[in-house]
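First up is the structure itself, then whatever we jot down about it.
The values are calculated or read from the model by the stated rules, or taken from the named source; none is laboratory data. Only a predicted model underlies this, so the values are computations on that prediction, with no experimental measurement involved. Note that we place each Cβ from the backbone using ideal geometry, even for glycine, and neighbour counts take in every protein chain shown.
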Amino acid sequence: MDKTNCRSLLASLSEYIEGTLEEQICREIERHMAECPDCRVVVDTLRKTIYLYHATSEDESMPADVRQRLYQRLNLDEYLKP
Amino acid sequence: MNDTKPAFSLDRLRAGDREEFARLVETYSDQIYRLALKMLASPQDAEDVLQNTFLKALQALPTFEGRSSLSTWLYRIAVNEALMVLRRQRPEVQIADDDDSAGDDITPAYFIDWCCLPEEELLSAESRAYLDQAIQQLPEKYRIVFILRDIEGLSIRETSEALNLSETAVKTRLLRARLKLRDLLSAYYGERLEEKA
């Protein structure tokens, strides 16, 4: 990961995986990745890292007793849904 | 956190309408609790942050001007509450704009392709526990940006508003957080791959 192209990919990595880079720069990155397995692995595993955090958090909700105490503290008991 | 959320009547909220406030609590309490838990790794502290966030919101709503969205405003209150908890433990904690250009090396250290691991392995109870452990290894100023942008799905602009940071600082910290977590997960899942080999 000490090559100039690898470093320039790193700098644009977030924008690349979010799809907010200009098309021409995207094509340059994809050309580079076709020749650089390390960068391809970094891009793929970075995407997966973000996906895993998002996926595991989506189904996390607060415990029922925490919700109940919150509504009590806010004097909103009557609006607490079962 | 915005597209699919119901609209709220600011007039009713400012006037102290309890039903509308209850709807606000119902809509955003899970996200606020999750943010606090990931930031603090303590269910008790997360519950305190959750309660204090909505108590402070209730007090401040009459003067809420609506310059940012309600969700961003709630996140800002929650972040400040979480920082207060962290500073009680370590007074030096801060997330304000500073020089992000130097310091942590972001060069990746692992080049193992673990994407091929089956979903049940990637999302096992043990893996989930490691995901929580890994995020705690990030410095607070990177962790909070990752939580807001990549877990809660705020835009770069909303994240910068919630944290009172420039968009440039948010982008720099987000990249560092993502790369650090990728390295940590690569080391962890790399071992799982070796066990299978």
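What about A:C39, is it under 24 Å from the mean Cα position of the chain (by Cα), more than 7 Å from chain B (Cβ to nearest Cβ) and either under 24 Å from B:L184 (Cα atoms) or small (G, A, S) (or both)? In short, yes. Going by what's in this entry, would B:S160 be described as touching a Phe, Trp or Tyr at 6+ places or on another chain (Cβ under 7 Å) and crowded, with 16+ Cβ neighbours inside 10 Å? It is false that B:S160 is touching a Phe, Trp or Tyr at 6+ places or on another chain (Cβ under 7 Å) and crowded, with 16+ Cβ neighbours inside 10 Å. When A:Y71, A:Y51 are checked against the criterion of being part of a helix (DSSP H, G or I) and under 19 Å from the mean Cα position of the chain (by Cα), A:Y51 stands alone in meeting it. If B:I106 satisfies every condition in (1) at pLDDT below 95; (2) more than 7 Å from every other protein chain (Cβ to nearest Cβ) but one, which is the exception? Evaluating B:I106 over (1) at pLDDT below 95; (2) more than 7 Å from every other protein chain (Cβ to nearest Cβ) leaves (2) as the failure. Of these, B:R87, B:R34, which one is assigned to a helix (DSSP H, G or I) and either within 13 Å of another protein chain (Cβ to nearest Cβ) or aromatic (F, W, Y) (or both)? Checking each option against the conditions leaves just B:R34.
The set of residues from segment B:109-138 being more than 10 Å from chain A (Cβ to nearest Cβ), assigned to a helix (DSSP H, G or I) and exposed (fewer than 14 other Cβ atoms within 10 Å of the Cβ) comprises B:E120, B:A125, B:E126, B:A129, B:Q133, B:Q136. The test for being over 14 Å from the mean Cα position of the chain (by Cα), within 23 Å of B:L181 (Cα to Cα) and crowded, with 19+ Cβ neighbours inside 10 Å does not hold for A:M62. What do you reckon, is A:L21 surrounded by 14 or more Cβ atoms within 10 Å (Cβ to Cβ) and within 7 Å of chain B (Cβ to nearest Cβ)? Considered against the rule, which asks whether it is surrounded by 14 or more Cβ atoms within 10 Å (Cβ to Cβ) and within 7 Å of chain B (Cβ to nearest Cβ), A:L21 comes out as no. Check whether at least one residue in segment B:139-156 is within 11 Å of chain A (Cβ to nearest Cβ), of a type in the set (D, E, K, R) and in contact with a Ser or Thr (Cβ under 7 Å, 6 or more places away or on another chain), and report yes or no. Yes, because at least one residue in segment B:139-156 is within 11 Å of chain A (Cβ to nearest Cβ), of a type in the set (D, E, K, R) and in contact with a Ser or Thr (Cβ under 7 Å, 6 or more places away or on another chain).
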